[in-house]
């Protein structure tokens, strides 16, 4: 008689109770999985987002994080020139972020502008049309949201307005630009109307005159593994700037999200405790109901270890079935919650809170299975230690 | 005359109850020879089931000794005693205590599986035993699908699974109607004729009368051995 089949048959004796317990375990397992995905997923998603275009290092004004404030760094061209001369650097590009406006069909539309250097950009993927040439001061790239608001497509002309005076609703800078392409901006939130021009054009729109400033500089190391060492070198070379590797930014991000992670640990632990209590309670009740059977087995010579094994297998069966159901439930719940959370304004659309990684699923499974076996220990101990003669006597009366 | 396979000497068993000791056995001694059929009879509370549990190694005496096939039970560890019960003793209980989720065959196979016997051997032996107790056609029925008499016959087949030297039965007809009880009596008679040593605890005079020797118990003592 296979031990596993025996266990499954035993659990099937009280079908409704077993199904309810499995559901309870599944819900706890789903919550545990979601919390495990959440605790590591945000960092993973953030790191993936930062390296989406292969740029591993960011330079930003002293005391700031990239795009965290409106501060800009001066002499951007000179910095870029120096960076590009470094043989350890594969590419470097400055980015200026600015608020500007576009003239729609009958009104001004608020836009977010990226000033970029097309030869060293780490911000977008071209979706339609063509990319900007480095010297293209008449071209513009639009996100699909911006294209929709402006009613423009590839080849159309759009008017961009910078330094808008809110009193008279006219800008001091007004440029006609031709749409070269539609792009997907990596760091845009869902539906963000963004446009991109070469850096000098965006500097004109932002300041009203050509000012050699940038919000940050992106650097791609020749080799991925050399990025931390390169970041350290750049820190020495540019003491007036903040130099961040992806690992540095993830560490800062992690620090900012520490409460979030603590919350996920607490909720994950609670769901695990609920699982343990559920399994333990169910099996203790089951064992107590089957005491006569268990002592009979002991009386006819079945070893304590067999009884313990049997109860632990029942615990494992409950955990495995509940865990597998919980996996499906957890992934579904994570997808749903992710769709809600990533629709918050200001969050990059490509960002995910719940990242289903093999490690997180594996961790949740191992933790749950261990907890399930742990939960079976007490009822197994009760079953194995039940006195045979006394129980048979009480059964007979 | 064959030698004794079971020798119980001066067995006492006390149970604590509400701070006082209940003397369930007060110096019972018993010898059982191979192929003997012994009935232990007496009223409720006379200590007969306690005696059966002590000679079966299910419980330990407060004092006295039990020797089965030359082995003193008090010299064995819990693990050794469990193994002895598995391989040398067969038990039949009043309430059958089959595993309800298993079939008749799986219930009979269970002690053999625990003893480490191979699948084919277990299956063949279970079929043989179920046929012996007249339940070959019910082998694949779950215990819950069997009648009381059938369950007790499966329990007897289970007790015989590892070819024990001694079969102990505690009120084996206690839960059965008269006609079904007669079937069990007849099965025990046949078992004994085929060489099984039997010790049966009963308050059923008819069942006791079937035995080759009847031991009467009262107040924890053996009253009189009757040939």
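The values are calculated or read from the model by the stated rules, or taken from the named source; none is laboratory data. These figures come from a predicted structure and were not determined experimentally. All Cβ positions, glycine included, derive from the backbone under ideal geometry; neighbour counts span all protein chains shown.
Brief remarks follow.
- Search result, residues across the range A:48-71 that are in contact with a helix residue (DSSP H, G or I) (Cβ under 9 Å, 6 or more places away or on another chain) and crowded, with 16+ Cβ neighbours inside 10 Å: A:50, A:55, A:56, A:57, A:58, A:59, A:65, A:66
- Of everything listed in (1) part of a helix (DSSP H, G or I); (2) over 28 Å from residue B:111 (Cα atoms); (3) in contact with a helix residue (DSSP H, G or I) (Cβ under 6 Å, 6 or more places away or on another chain), the single unmet condition for residue A:362 is (3).
- Listed conditions (1) surrounded by 21 or more Cβ atoms within 10 Å (Cβ to Cβ); (2) more than 12 Å from chain A (Cβ to nearest Cβ); (3) at pLDDT 90 or above; (4) more than 12 Å from the chain's Cα centre (by Cα) are all met by residue B:161, apart from (2).
- For the range B:131-148, the candidate set comprises residues that are buried (at least 19 other Cβ atoms within 10 Å of the Cβ) and within 14 Å of another protein chain (Cβ to nearest Cβ); within that set, the residue that is nearest to the chain's Cα centre (by Cα) is B:143.
- Qualifying residue in the range B:111-130 (condition: within 24 Å of residue A:299 (Cβ to Cβ), touching a strand residue (DSSP E or B) at 6+ places or on another chain (Cβ under 9 Å), within 14 Å of chain A (Cβ to nearest Cβ) and not in a helix (DSSP H, G or I)): no
- Within the range B:167-190, the set of residues being outside any helix (DSSP H, G or I) and surrounded by 16 or more Cβ atoms within 10 Å (Cβ to Cβ) comprises B:167, B:168, B:169, B:170, B:171, B:172, B:173, B:174, B:175, B:176.
- Some residue of the range A:363-374 being surrounded by fewer than 16 Cβ atoms within 10 Å (Cβ to Cβ) and within 14 Å of another protein chain (Cβ to nearest Cβ): no
- Of all residues making up the range A:289-323, the number that are away from every other protein chain (no Cβ under 11 Å) and more than 13 Å from residue A:10 (Cβ to Cβ): 6
- Here residue B:62 clears all of (1) more than 9 Å from chain A (Cβ to nearest Cβ); (2) under 30 Å from residue A:11 (Cβ atoms) except the condition numbered (2).
- Of the residues A:32, A:23, the single one that is assigned by TED's automatic domain parsing to the domain that holds residue A:359, surrounded by fewer than 19 Cβ atoms within 10 Å (Cβ to Cβ) and touching a residue at least 60 places away in the same chain (Cβ under 8 Å) is A:23.
- Residue match in the range B:38-49 (condition: in contact with a helix residue (DSSP H, G or I) (Cβ under 9 Å, 6 or more places away or on another chain) and within 14 Å of another protein chain (Cβ to nearest Cβ)): yes
- Matching strands (runs of 3 or more DSSP E) fully within the range B:1-101 where at least 3 residues are touching a residue at least 40 places away in the same chain (Cβ under 8 Å) and over 30 Å from residue B:148 (Cβ atoms): B:4-17, B:20-33, B:63-68
- Matching residues in the range B:88-98 - criterion: being facing another protein chain (nearest Cβ under 7 Å) and either crowded, with 23+ Cβ neighbours inside 10 Å or modelled with pLDDT of 95 or more (or both): B:91, B:93, B:97
- Check on residue A:210, outside the structural domain of residue A:36 (by TED's automatic domain parsing), without any contact (Cβ under 8 Å) to a residue 12 or more places away in the chain and over 21 Å from residue A:64 (Cβ atoms): yes
- Condition check for residue A:259 on (1) exposed (fewer than 14 other Cβ atoms within 10 Å of the Cβ); (2) touching a residue at least 12 places away in the same chain (Cβ under 8 Å); (3) over 30 Å from residue A:392 (Cβ atoms): one failure, at (2).
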